[in-house]
Amino acid sequence: MAELDPAEKIKELAATLASVTAVLDLEAMQTQIAELREQSADPELWSDQDNAQKVTRRLSTLESMVNKVDGIGQRLEDLGVLYELAEAEDDPDTRAEADRELEQLRKEIGELEVRTLLNGPHDESEAIVSINSQAGGVDAADWAQMLQRMYLRWAERHGYPTEVYETSYAEEAGIKSTSFAVKAPFAYGTLRGEHGTHRLVRISPFDNQNRRQTSFAGVDVVPMVEKSDHIDIDETELRVDVYRSSGPGGQGVNTTDSAVRITHQPTGIVVSCQNERSQLQNKATAMTMLQAKLLARKRQEEQEALDEIRGDSVSSWGTQMRNYVLHPYQNVKDVRTGMETGNPSAVLDGEIDAFIDSEIRWMRNQEKQE
């Protein structure tokens, strides 16, 4: 089949953009933007800091999305002119520049297309990410900390605010566990495919014989609980422990007994928070985390009950889902989608969008088959 000429490629991308725009419903977004701008102009909004931040984050996200779609549309028009200029002047440099822009637009429109797939009941929610070291001893603890950095760097690249709720440091190196929030709309829908076991293969920096070590860490992603998702929690079923915050040292270490650990005794779910100076603030944040985990547990139980009724044998996503190999070769591969790259350094520095996009598409295909 002959390759399409640039004009046909631009036409195809324009058609894809039009379908994406229809699904995103920019008119409805503009209405929301107007409402949120009105709310943000109200001086009373900032009497509730949490709500004010949600309003401004939502406004920023919607404005960014509308501007992005409008900008891509304009760039597609300009690209046609650029190709015409390259043809008229027989200029290979201009043609190469146009080809690069075409590929960049193809990538950005593909990202927008993935965004339209985030239509699950809680995909719009912010996310709470928990990471736990598993098999592999000190290497696993170090691996858990590497994963924490990977996700925080990913959020930083996108300008998403994050808040580390709790980190339990291991004795020799790394961390036993951590929980943090990604405070951006659609963070849960974007990250939920990261749930599962992540496997690292490398020469252990902690082995004086330089042997290869395989280590594992578990990643759990749940949506931030909104007020409408509230679950009643019986205070008599909670064990609340107060302890001194732990950390690697430094002036910022909290030296008061203000860290809070809450155990929900009927389920055994444990949450903790140590990032606030106040014990009351730490407890409030820990209760929010407990709400999220109880809600996720409730949804899982409901889904399992439905699957049992239907007789489905749906495989769990909570299994090994990605391999990171640093030795004897360099490779990161998702075992479900087949997505892979030979640049693990970039992945561990937060460049995981290609993996996330492939996960979202894979999950939607799985859900269609159920």
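The values are calculated or read from the model by the stated rules, or taken from the named source; none is laboratory data. As the structure is a computational prediction, the values presented were derived from the model and not from experiment. Neighbour counts run over all protein chains shown; Cβ positions are idealised from the backbone, glycine included. Heads up: the accessible areas ignore ligands, DNA and RNA and are worked out on the full protein's heavy atoms, side chains in. Shrake-Rupley method; radii C 1.70, N 1.55, O 1.52, S 1.80 Å.
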Roughly how tilted is helix 279-310, in degrees to the nearest 10 and between 0 and 90, from the longest Cα axis of the chain? 70
The chain - percent relative contact order, Cα under 8 Å, separation 6 or more: 15
Residue-level accessible surface for Tyr188, protein heavy atoms, 1.4 Å, Å²: 40
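Within the chain, what whole-number % of the accessible surface is contributed by carbon and sulfur, with the 1.4 Å probe and all protein chains included in the calculation?
46
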I'd like the accessible area for Ser245: 1.4 Å probe, protein heavy atoms, all chains in place, Å² to the nearest 10. 10
Give, rounded to the nearest 20 debye, the magnitude of the charge dipole that the chain has about its Cα centre when Lys and Arg contribute +1 at Cβ and Asp and Glu contribute -1 at Cβ. 1720
Suppose we look only past 19 Å in the calculated P(r) of region 49-133. What percent of the Cα-Cα pairs does that tail hold? 60
Which of (1) -0.46, -1.10; (2) -0.61, -1.18; (3) -0.51, -1.22 is the computed log10 I(q)/I(0) by the Debye sum over Cα atoms at q = 0.08, 0.13 Å⁻¹ for the structure on display? (3)
Over region 126-209, what is the mean sequence separation of C-alpha contacts under 8 Å (at least six apart), divided by residue count, expressed as relative contact order in percent? 38
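Going from most exposed to least, what order do Thr178, Thr16 have by accessible area with a 1.4 Å probe?
Working: Thr178 0, Thr16 40 Å².
From most accessible down to least: Thr16, Thr178.
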As a test of reading the structure, rank Arg261, Arg100, Arg58 by solvent-accessible area (1.4 Å probe, protein chains only), most first. Arg100, Arg261, Arg58
Over region 1-147 - Rg/Rh using Cα atoms and the Kirkwood inverse-distance radius: 1.14
Can you compute the helix-only [θ] at 222 nm over the chain? Use -39500 (n - 2.57) per DSSP H run of at least 4 residues, normalise by all residues, nearest 500 deg cm²/dmol. -16500 deg cm²/dmol
Nearest 10, in degrees from 0 to 90: the angle of helix 49-89 to the longest Cα principal axis of the chain is 30
Compute, for region 129-241, the length of the dipole vector about the Cα centre, with Cβ point charges of +1 (Lys, Arg) and -1 (Asp, Glu) only. Units Debye, rounded to 20. 800
In cubic angstrom per residue, the convex hull of region 116-238 built on its Cα atoms measures 130
Under a 1.4 Å probe, what is the accessible area of the chain per residue, stated in Å²? 54
With axes computed from alpha carbons, what is the tilt in degrees of helix 92-115 against the longest principal axis of the chain, rounded to the nearest 10 within 0 to 90? 40
Filtering GluC sites (Glu not before Pro) in region 169-234 by DSSP loop and by at most 15 other Cβ atoms within 10 Å leaves Glu171, Glu172, Glu226
